[in-house]
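Novice: This is the structure I have questions about; it appears just below.
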Amino acid sequence: MSKYKAYGYKGSYEEREGRSCVRYKCGLPCNTIQDVLHQRPNWIEVKDDGEWDFNWCDVGWLRENFDHTYMEEHVRINHFRNHYELTRKNLMVKNLKRYQKQLEREVGRIEASNCDFFPCTFAMPSEYHLFVEEFNRSPGNTWIMKPVGKSQGKGIFLFRKLKDIIEWKKDGSRSEEQKDGVQVKSYVAQRYIENPYLINGRKFDMRVYVLVTSYVPLKAWLYRDGFARFSGIRFSLSSIDDKYMHLTNVSVQKTAPDYDHEKGCKWQMQQLRRYLTAKHGTEMVETLFKEMDNIFVRSLQSVQKVIINDKHCFELYGYDILLDQNLKPWLIEVNASPSHTPSCQEDYEMKCRLLEDTLNVVDMEGRLTGKEKRVGGYDLMWNDGPVYREDANLQTFGSSGFTANTHLGCVNDREKQLRQLLKPFPCQRKA
(Lines give C-alpha, C1' and ligand atoms only; values in the text may rest on other atoms or scores of the structure.)
Protein backbone atom coordinates (compact mmCIF):
# COMPACT_ATOMS: atom_id res chain seq x y z
CA MET A 1 0.00 0.00 0.00
CA SER A 2 1.01 3.62 -0.17
CA LYS A 3 3.87 4.91 1.97
CA TYR A 4 2.61 8.36 1.17
CA LYS A 5 0.83 9.69 4.26
CA ALA A 6 -0.25 13.13 3.08
CA TYR A 7 -3.97 12.46 3.36
CA GLY A 8 -3.87 10.98 6.84
CA TYR A 9 -2.85 14.41 8.11
CA LYS A 10 -5.39 17.22 8.27
CA GLY A 11 -2.99 20.13 7.93
CA SER A 12 -3.09 23.23 5.76
CA TYR A 13 -2.36 23.09 2.06
CA GLU A 14 0.92 24.87 2.72
CA GLU A 15 1.98 22.10 5.11
CA ARG A 16 1.06 19.51 2.49
CA GLU A 17 2.60 21.34 -0.45
CA GLY A 18 3.44 19.03 -3.31
CA ARG A 19 1.32 16.15 -2.00
CA SER A 20 -1.73 16.84 -4.06
CA CYS A 21 -2.91 13.60 -5.62
CA VAL A 22 -5.01 10.69 -4.44
CA ARG A 23 -4.33 7.36 -6.10
CA TYR A 24 -7.55 5.42 -6.41
CA LYS A 25 -8.60 1.99 -7.50
CA CYS A 26 -12.11 1.12 -8.64
CA GLY A 27 -13.31 -2.43 -9.19
CA LEU A 28 -16.67 -1.53 -10.70
CA PRO A 29 -16.56 -1.33 -14.50
CA CYS A 30 -18.58 1.18 -16.52
CA ASN A 31 -20.34 2.66 -13.52
CA THR A 32 -21.35 6.10 -12.29
CA ILE A 33 -18.70 5.87 -9.59
CA GLN A 34 -16.05 5.59 -12.31
CA ASP A 35 -17.21 8.90 -13.78
CA VAL A 36 -17.21 10.63 -10.39
CA LEU A 37 -13.73 9.36 -9.46
CA HIS A 38 -12.33 10.24 -12.88
CA GLN A 39 -13.61 13.83 -12.66
CA ARG A 40 -12.35 14.43 -9.12
CA PRO A 41 -9.53 17.01 -9.15
CA ASN A 42 -6.11 15.52 -8.42
CA TRP A 43 -7.34 11.92 -8.24
CA ILE A 44 -5.39 9.46 -10.37
CA GLU A 45 -6.51 5.92 -11.20
CA VAL A 46 -4.12 3.05 -10.67
CA LYS A 47 -4.50 -0.31 -12.35
CA ASP A 48 -3.95 -3.89 -11.23
CA ASP A 49 -1.33 -4.08 -8.47
CA GLY A 50 -0.50 -0.39 -8.32
CA GLU A 51 -0.32 1.24 -4.88
CA TRP A 52 -3.53 3.06 -3.94
CA ASP A 53 -4.79 5.45 -1.30
CA PHE A 54 -8.51 4.90 -1.93
CA ASN A 55 -10.32 1.78 -3.10
CA TRP A 56 -13.94 1.55 -4.24
CA CYS A 57 -14.19 -2.22 -4.49
CA ASP A 58 -16.94 -4.79 -4.81
CA VAL A 59 -17.65 -7.14 -1.92
CA GLY A 60 -16.03 -10.03 -3.80
CA TRP A 61 -12.67 -8.23 -3.85
CA LEU A 62 -13.07 -7.40 -0.17
CA ARG A 63 -13.73 -11.02 0.75
CA GLU A 64 -10.66 -12.26 -1.11
CA ASN A 65 -8.18 -9.51 -0.29
CA PHE A 66 -9.02 -7.57 2.88
CA ASP A 67 -7.26 -9.87 5.34
CA HIS A 68 -4.10 -9.89 3.20
CA THR A 69 -3.88 -6.15 2.60
CA TYR A 70 -1.72 -3.82 4.66
CA MET A 71 -3.29 -0.36 4.88
CA GLU A 72 -1.50 2.70 6.15
CA GLU A 73 -3.09 5.42 8.26
CA HIS A 74 -4.54 7.52 5.45
CA VAL A 75 -5.96 4.70 3.28
CA ARG A 76 -9.73 4.31 2.85
CA ILE A 77 -11.89 1.49 1.47
CA ASN A 78 -15.64 1.47 0.89
CA HIS A 79 -16.75 -1.57 2.94
CA PHE A 80 -16.42 -2.78 6.49
CA ARG A 81 -14.92 -6.24 6.72
CA ASN A 82 -18.15 -7.98 7.84
CA HIS A 83 -20.68 -5.59 6.33
CA TYR A 84 -22.94 -8.59 5.68
CA GLU A 85 -24.12 -8.57 9.32
CA LEU A 86 -26.55 -5.85 8.21
CA THR A 87 -26.85 -6.49 4.50
CA ARG A 88 -27.56 -10.22 4.31
CA LYS A 89 -31.29 -10.62 4.80
CA ASN A 90 -31.09 -13.43 7.36
CA LEU A 91 -28.32 -11.82 9.44
CA MET A 92 -30.06 -8.43 9.44
CA VAL A 93 -33.17 -9.98 10.96
CA LYS A 94 -31.13 -12.09 13.39
CA ASN A 95 -29.31 -8.99 14.67
CA LEU A 96 -32.49 -6.92 14.89
CA LYS A 97 -34.28 -9.64 16.88
CA ARG A 98 -31.31 -9.98 19.24
CA TYR A 99 -31.09 -6.22 19.71
CA GLN A 100 -34.83 -5.96 20.34
CA LYS A 101 -34.65 -8.67 23.03
CA GLN A 102 -31.69 -6.90 24.60
CA LEU A 103 -33.62 -3.62 24.78
CA GLU A 104 -36.64 -5.35 26.33
CA ARG A 105 -34.43 -7.03 28.91
CA GLU A 106 -32.35 -3.97 29.81
CA VAL A 107 -34.75 -1.05 29.27
CA GLY A 108 -38.27 -2.40 28.83
CA ARG A 109 -40.96 -3.28 26.32
CA ILE A 110 -41.73 0.30 25.34
CA GLU A 111 -38.15 0.90 24.26
CA ALA A 112 -38.04 -2.46 22.48
CA SER A 113 -41.20 -1.52 20.56
CA ASN A 114 -39.11 1.09 18.73
CA CYS A 115 -37.72 -1.85 16.77
CA ASP A 116 -41.12 -3.00 15.49
CA PHE A 117 -40.32 -1.92 11.95
CA PHE A 118 -39.45 -5.15 10.14
CA PRO A 119 -41.99 -7.77 8.97
CA CYS A 120 -42.22 -11.14 10.69
CA THR A 121 -39.29 -13.05 9.17
CA PHE A 122 -37.78 -16.53 9.45
CA ALA A 123 -34.39 -17.78 8.29
CA MET A 124 -34.79 -20.89 6.18
CA PRO A 125 -34.27 -23.74 6.44
CA SER A 126 -32.96 -23.38 10.05
CA GLU A 127 -36.22 -21.81 11.33
CA TYR A 128 -38.55 -23.82 9.12
CA HIS A 129 -40.49 -25.38 12.02
CA LEU A 130 -40.95 -22.00 13.72
CA PHE A 131 -42.15 -20.63 10.41
CA VAL A 132 -44.70 -23.44 10.00
CA GLU A 133 -46.13 -22.69 13.47
CA GLU A 134 -46.58 -19.01 12.56
CA PHE A 135 -47.91 -19.90 9.11
CA ASN A 136 -50.58 -22.14 10.61
CA ARG A 137 -51.64 -19.41 13.07
CA SER A 138 -52.59 -17.13 10.19
CA PRO A 139 -53.87 -19.25 7.29
CA GLY A 140 -54.49 -17.42 4.06
CA ASN A 141 -51.82 -14.77 4.63
CA THR A 142 -49.37 -14.02 1.85
CA TRP A 143 -45.65 -14.65 2.40
CA ILE A 144 -42.64 -13.75 0.32
CA MET A 145 -39.56 -15.93 -0.13
CA LYS A 146 -36.16 -14.28 -0.77
CA PRO A 147 -32.70 -15.80 -1.30
CA VAL A 148 -30.42 -14.22 1.30
CA GLY A 149 -27.44 -13.65 -0.98
CA LYS A 150 -29.07 -12.34 -4.13
CA SER A 151 -30.25 -8.91 -5.22
CA GLN A 152 -32.23 -7.18 -7.98
CA GLY A 153 -35.30 -9.33 -7.32
CA LYS A 154 -33.66 -12.59 -8.35
CA GLY A 155 -35.22 -15.75 -6.95
CA ILE A 156 -38.08 -13.96 -5.13
CA PHE A 157 -41.61 -15.30 -5.15
CA LEU A 158 -44.86 -14.98 -3.19
CA PHE A 159 -46.80 -17.92 -1.77
CA ARG A 160 -49.85 -18.79 0.36
CA LYS A 161 -49.51 -22.56 0.66
CA LEU A 162 -46.80 -24.64 2.31
CA LYS A 163 -46.69 -26.98 -0.64
CA ASP A 164 -45.39 -24.10 -2.75
CA ILE A 165 -42.15 -23.90 -0.78
CA ILE A 166 -41.86 -27.65 -0.30
CA GLU A 167 -41.81 -28.01 -4.07
CA TRP A 168 -39.42 -25.08 -4.32
CA LYS A 169 -37.03 -26.66 -1.81
CA LYS A 170 -36.95 -29.89 -3.79
CA ASP A 171 -36.01 -28.07 -6.98
CA GLY A 172 -33.73 -25.54 -5.34
CA SER A 173 -35.74 -22.95 -7.24
CA ARG A 174 -39.20 -22.49 -8.67
CA SER A 175 -38.15 -22.03 -12.26
CA GLU A 176 -35.19 -22.06 -14.61
CA GLU A 177 -35.29 -18.25 -14.68
CA GLN A 178 -34.85 -18.04 -10.91
CA LYS A 179 -32.37 -20.90 -10.67
CA ASP A 180 -29.56 -19.22 -12.62
CA GLY A 181 -27.73 -22.54 -12.53
CA VAL A 182 -27.14 -22.36 -8.78
CA GLN A 183 -29.28 -23.96 -6.07
CA VAL A 184 -30.37 -21.49 -3.43
CA LYS A 185 -29.66 -22.93 0.02
CA SER A 186 -30.34 -20.04 2.41
CA TYR A 187 -33.35 -17.78 2.21
CA VAL A 188 -35.88 -15.93 4.33
CA ALA A 189 -39.63 -16.31 4.50
CA GLN A 190 -41.18 -12.95 5.32
CA ARG A 191 -44.76 -11.94 5.94
CA TYR A 192 -45.79 -9.93 2.88
CA ILE A 193 -47.08 -6.39 3.48
CA GLU A 194 -50.58 -6.89 2.09
CA ASN A 195 -51.70 -3.29 2.53
CA PRO A 196 -48.97 -1.20 0.88
CA TYR A 197 -49.46 2.51 0.38
CA LEU A 198 -50.45 3.01 -3.25
CA ILE A 199 -50.00 5.97 -5.57
CA ASN A 200 -52.15 5.80 -8.70
CA GLY A 201 -52.93 2.24 -7.67
CA ARG A 202 -49.29 1.20 -7.83
CA LYS A 203 -46.99 -0.14 -5.14
CA PHE A 204 -43.64 1.52 -4.48
CA ASP A 205 -40.73 1.40 -2.09
CA MET A 206 -38.11 4.00 -1.18
CA ARG A 207 -34.36 3.84 -1.60
CA VAL A 208 -32.60 5.92 1.06
CA TYR A 209 -28.84 6.38 1.42
CA VAL A 210 -27.02 6.24 4.75
CA LEU A 211 -23.25 6.68 5.03
CA VAL A 212 -21.42 5.21 8.03
CA THR A 213 -17.87 6.45 8.61
CA SER A 214 -17.39 4.74 11.99
CA TYR A 215 -19.11 2.13 14.16
CA VAL A 216 -17.08 2.82 17.32
CA PRO A 217 -18.23 5.43 18.00
CA LEU A 218 -21.19 5.24 15.64
CA LYS A 219 -21.14 8.10 13.13
CA ALA A 220 -23.83 8.10 10.43
CA TRP A 221 -24.91 10.54 7.73
CA LEU A 222 -28.29 10.66 5.93
CA TYR A 223 -28.48 11.88 2.33
CA ARG A 224 -31.21 14.35 1.37
CA ASP A 225 -31.87 12.78 -2.02
CA GLY A 226 -33.26 9.33 -2.73
CA PHE A 227 -36.11 7.97 -4.78
CA ALA A 228 -39.28 5.94 -4.86
CA ARG A 229 -39.39 2.91 -7.20
CA PHE A 230 -42.80 2.05 -8.63
CA SER A 231 -44.22 -1.17 -9.97
CA GLY A 232 -45.58 -0.98 -13.49
CA ILE A 233 -48.94 -2.67 -12.83
CA ARG A 234 -51.76 -1.69 -10.49
CA PHE A 235 -51.59 -3.58 -7.20
CA SER A 236 -53.89 -6.50 -6.39
CA LEU A 237 -53.66 -9.54 -4.14
CA SER A 238 -55.73 -11.57 -6.57
CA SER A 239 -52.58 -12.42 -8.49
CA ILE A 240 -49.41 -13.16 -6.52
CA ASP A 241 -47.38 -14.48 -9.47
CA ASP A 242 -47.01 -11.17 -11.35
CA LYS A 243 -43.52 -9.87 -10.59
CA TYR A 244 -44.22 -6.56 -12.34
CA MET A 245 -46.99 -5.92 -9.81
CA HIS A 246 -45.28 -6.98 -6.59
CA LEU A 247 -41.54 -6.29 -7.12
CA THR A 248 -40.39 -2.70 -7.48
CA ASN A 249 -36.75 -3.46 -8.38
CA VAL A 250 -35.74 -1.48 -11.47
CA SER A 251 -33.89 -4.54 -12.76
CA VAL A 252 -37.26 -6.33 -12.78
CA GLN A 253 -39.43 -3.46 -14.03
CA LYS A 254 -37.20 -2.59 -16.98
CA THR A 255 -37.88 -6.03 -18.50
CA ALA A 256 -41.61 -5.25 -18.70
CA PRO A 257 -42.93 -4.92 -22.29
CA ASP A 258 -44.27 -1.40 -21.74
CA TYR A 259 -41.34 -0.02 -19.66
CA ASP A 260 -40.41 3.56 -20.60
CA HIS A 261 -36.62 3.77 -20.60
CA GLU A 262 -36.68 7.57 -20.86
CA LYS A 263 -38.94 8.21 -17.87
CA GLY A 264 -38.11 5.09 -15.87
CA CYS A 265 -40.28 4.12 -12.90
CA LYS A 266 -38.99 6.50 -10.22
CA TRP A 267 -39.90 9.63 -8.35
CA GLN A 268 -37.23 11.71 -6.68
CA MET A 269 -37.60 11.81 -2.88
CA GLN A 270 -38.49 15.51 -2.93
CA GLN A 271 -41.43 14.79 -5.25
CA LEU A 272 -42.65 11.98 -3.00
CA ARG A 273 -42.42 14.12 0.12
CA ARG A 274 -44.36 16.95 -1.55
CA TYR A 275 -47.06 14.49 -2.65
CA LEU A 276 -47.44 12.98 0.81
CA THR A 277 -47.47 16.43 2.46
CA ALA A 278 -50.19 17.68 0.10
CA LYS A 279 -52.29 14.60 0.83
CA HIS A 280 -51.72 14.08 4.57
CA GLY A 281 -50.36 17.34 5.94
CA THR A 282 -46.98 18.42 7.27
CA GLU A 283 -47.35 16.95 10.75
CA MET A 284 -48.13 13.39 9.60
CA VAL A 285 -45.31 13.43 7.07
CA GLU A 286 -42.80 14.74 9.60
CA THR A 287 -43.85 11.91 11.93
CA LEU A 288 -43.33 9.42 9.09
CA PHE A 289 -39.83 10.68 8.33
CA LYS A 290 -38.97 10.72 12.04
CA GLU A 291 -39.98 7.04 12.20
CA MET A 292 -37.69 6.39 9.24
CA ASP A 293 -34.83 8.10 11.11
CA ASN A 294 -35.53 5.65 13.94
CA ILE A 295 -35.18 2.73 11.51
CA PHE A 296 -31.80 3.90 10.28
CA VAL A 297 -30.35 4.48 13.74
CA ARG A 298 -31.79 1.36 15.43
CA SER A 299 -30.68 -0.93 12.60
CA LEU A 300 -27.12 0.43 12.81
CA GLN A 301 -27.13 0.07 16.59
CA SER A 302 -28.27 -3.55 16.21
CA VAL A 303 -24.98 -4.43 14.48
CA GLN A 304 -22.71 -1.94 16.21
CA LYS A 305 -21.17 -4.57 18.50
CA VAL A 306 -20.72 -7.21 15.81
CA ILE A 307 -19.35 -5.12 12.94
CA ILE A 308 -15.56 -5.11 12.96
CA ASN A 309 -14.82 -1.40 13.18
CA ASP A 310 -11.82 -0.22 11.18
CA LYS A 311 -10.74 3.39 10.74
CA HIS A 312 -9.87 2.62 7.11
CA CYS A 313 -13.46 1.66 6.27
CA PHE A 314 -16.70 3.43 5.44
CA GLU A 315 -19.97 2.09 4.05
CA LEU A 316 -22.65 3.60 1.83
CA TYR A 317 -25.84 1.66 2.57
CA GLY A 318 -28.95 1.61 0.41
CA TYR A 319 -32.00 1.19 2.64
CA ASP A 320 -35.23 -0.14 1.11
CA ILE A 321 -38.29 1.14 2.97
CA LEU A 322 -41.93 0.27 2.25
CA LEU A 323 -44.93 2.28 3.45
CA ASP A 324 -48.25 0.69 4.36
CA GLN A 325 -51.67 2.34 4.15
CA ASN A 326 -51.28 3.68 7.69
CA LEU A 327 -48.08 5.53 6.71
CA LYS A 328 -46.02 3.12 8.78
CA PRO A 329 -42.53 2.57 7.33
CA TRP A 330 -41.20 -0.99 7.14
CA LEU A 331 -37.55 -1.95 6.68
CA ILE A 332 -37.39 -4.45 3.84
CA GLU A 333 -33.62 -4.79 3.44
CA VAL A 334 -30.29 -2.97 3.48
CA ASN A 335 -27.87 -3.10 0.55
CA ALA A 336 -24.08 -2.95 0.90
CA SER A 337 -23.59 -2.24 -2.79
CA PRO A 338 -26.59 -0.14 -3.82
CA SER A 339 -26.78 0.09 -7.59
CA HIS A 340 -25.19 3.18 -9.09
CA THR A 341 -26.38 2.25 -12.58
CA PRO A 342 -28.72 5.06 -13.69
CA SER A 343 -32.17 4.39 -15.11
CA CYS A 344 -32.43 7.85 -16.72
CA GLN A 345 -30.53 11.16 -16.90
CA GLU A 346 -32.15 12.55 -13.74
CA ASP A 347 -31.18 9.38 -11.88
CA TYR A 348 -27.60 9.65 -13.17
CA GLU A 349 -27.29 13.23 -11.94
CA MET A 350 -28.68 12.34 -8.50
CA LYS A 351 -26.27 9.43 -8.10
CA CYS A 352 -23.33 11.59 -9.19
CA ARG A 353 -24.24 14.12 -6.48
CA LEU A 354 -24.54 11.31 -3.93
CA LEU A 355 -21.15 9.83 -4.79
CA GLU A 356 -19.40 13.20 -4.97
CA ASP A 357 -20.69 14.04 -1.51
CA THR A 358 -19.69 10.62 -0.21
CA LEU A 359 -16.12 11.45 -1.25
CA ASN A 360 -16.50 14.89 0.34
CA VAL A 361 -17.44 13.31 3.68
CA VAL A 362 -14.69 10.67 3.51
CA ASP A 363 -12.41 13.67 2.85
CA MET A 364 -9.20 12.21 1.46
CA GLU A 365 -8.06 15.79 0.79
CA GLY A 366 -8.24 16.84 4.45
CA ARG A 367 -10.49 19.86 3.85
CA LEU A 368 -12.90 19.29 6.77
CA THR A 369 -12.49 20.03 10.48
CA GLY A 370 -14.38 16.92 11.64
CA LYS A 371 -17.00 19.04 13.42
CA GLU A 372 -19.35 19.53 10.45
CA LYS A 373 -23.04 18.70 10.78
CA ARG A 374 -23.58 18.97 7.05
CA VAL A 375 -21.44 18.22 4.02
CA GLY A 376 -23.16 18.83 0.69
CA GLY A 377 -26.31 16.70 0.59
CA TYR A 378 -25.35 14.75 3.72
CA ASP A 379 -26.63 15.66 7.18
CA LEU A 380 -24.93 14.16 10.24
CA MET A 381 -27.67 12.07 11.84
CA TRP A 382 -25.79 10.31 14.65
CA ASN A 383 -22.43 11.04 16.25
CA ASP A 384 -22.13 8.74 19.28
CA GLY A 385 -25.60 10.08 20.10
CA PRO A 386 -28.38 11.96 18.29
CA VAL A 387 -27.46 15.09 16.37
CA TYR A 388 -29.91 17.97 16.58
CA ARG A 389 -30.65 20.87 14.33
CA GLU A 390 -29.00 24.10 15.38
CA ASP A 391 -32.26 25.62 16.61
CA ALA A 392 -33.41 22.54 18.55
CA ASN A 393 -33.27 22.00 22.30
CA LEU A 394 -31.62 18.84 23.59
CA GLN A 395 -34.29 16.23 24.16
CA THR A 396 -34.45 12.49 24.44
CA PHE A 397 -34.06 10.57 21.18
CA GLY A 398 -37.42 9.24 20.08
CA SER A 399 -39.47 11.72 22.11
CA SER A 400 -42.20 13.81 20.51
CA GLY A 401 -40.05 16.94 20.73
CA PHE A 402 -36.89 15.46 19.21
CA THR A 403 -35.79 17.43 16.15
CA ALA A 404 -33.20 15.39 14.30
CA ASN A 405 -30.59 16.93 12.05
CA THR A 406 -32.13 15.11 9.07
CA HIS A 407 -33.65 16.55 5.92
CA LEU A 408 -34.60 13.56 3.76
CA GLY A 409 -36.65 14.74 0.78
CA CYS A 410 -35.97 18.42 1.55
CA VAL A 411 -34.17 20.97 -0.61
CA ASN A 412 -30.65 19.86 -1.47
CA ASP A 413 -28.78 23.12 -2.06
CA ARG A 414 -25.50 21.25 -1.86
CA GLU A 415 -23.45 23.35 -4.26
CA LYS A 416 -24.05 26.55 -2.29
CA GLN A 417 -23.31 24.76 0.98
CA LEU A 418 -20.11 23.19 -0.35
CA ARG A 419 -18.83 26.56 -1.60
CA GLN A 420 -19.25 27.95 1.89
CA LEU A 421 -17.83 24.88 3.64
CA LEU A 422 -14.87 23.61 1.69
CA LYS A 423 -11.51 25.08 0.94
CA PRO A 424 -10.76 24.87 -2.78
CA PHE A 425 -8.74 21.99 -4.13
CA PRO A 426 -5.02 22.85 -4.32
CA CYS A 427 -5.09 23.29 -8.09
CA GLN A 428 -8.13 25.57 -7.84
CA ARG A 429 -6.50 27.64 -5.06
CA LYS A 430 -3.39 28.27 -7.13
CA ALA A 431 -5.48 29.25 -10.11
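Novice: Of the residues GLU85, GLU15, only one is at pLDDT 85 or above, out of contact with any Asp or Glu (no Cβ under 9 Å at 6 or more places or on another chain) and either open to solvent by 10 Å² or more (accessible area, probe 1.4 Å) or farther than 30 Å from CYS344 by Cβ (or both); which?
Specialist: GLU85
Novice: Suppose the filter is outside any strand (DSSP E or B), within 25 Å of GLU291 (Cβ to Cβ), open to solvent by 10 Å² or more (accessible area, probe 1.4 Å) and not hydrophobic (A, V, I, L, M, F, W, C); does GLU346 pass it?
Specialist: So GLU346 does not fit the description; no.
Novice: Still on this model: Among THR32, THR69, which is under 30 Å from TYR319 (Cα atoms) and at pLDDT below 85?
Specialist: THR69
Novice: Would you say SER20 is at pLDDT below 80, under 15 Å from MET364 (Cα atoms), open to solvent by 40 Å² or more (accessible area, probe 1.4 Å) and of a type in the set (Gly, Ala, Ser)?
Specialist: Yes; evaluated as a whole, the condition is true for this residue.
Novice: With the requirement that a residue be among the acidic types (Asp, Glu) and within 25 Å of the chain's Cα centre (by Cα), what does region 272-291 give you?
Specialist: GLU286, GLU291
Novice: If you take just the strands (runs of 3 or more DSSP E) that sit entirely in region 183-291, which of them hold at least 3 residues that are closer than 30 Å to ILE308 by Cα and either at pLDDT below 95 or of a type outside the set (Ser, Thr, Tyr) (or both)?
Specialist: 187-191, 202-215, 218-230
Novice: In the list TRP56, TRP61, TRP43, TRP52, which residue meets the criterion of being under 22 Å from VAL362 (Cα atoms), in contact (Cβ under 8 Å) with a residue 12 or more places away in the chain and open to solvent by 40 Å² or more (accessible area, probe 1.4 Å)? Talk me through it step by step, then tell me what you get.
Specialist: Values: TRP56 fails: open to solvent by 40 Å² or more (accessible area, probe 1.4 Å); TRP43 fails: open to solvent by 40 Å² or more (accessible area, probe 1.4 Å); TRP52 fails: open to solvent by 40 Å² or more (accessible area, probe 1.4 Å).
Just one listed residue meets the conditions, TRP61.
The values are calculated or read from the model by the stated rules, or taken from the named source; none is laboratory data. Because the structure is predicted, anything quoted here is derived from the model rather than measured. All Cβ positions, glycine included, derive from the backbone under ideal geometry; neighbour counts span all protein chains shown. Heavy atoms of the whole protein, side chains included, go into the accessibility calculation; ligands, DNA and RNA do not. Shrake-Rupley method; radii C 1.70, N 1.55, O 1.52, S 1.80 Å.
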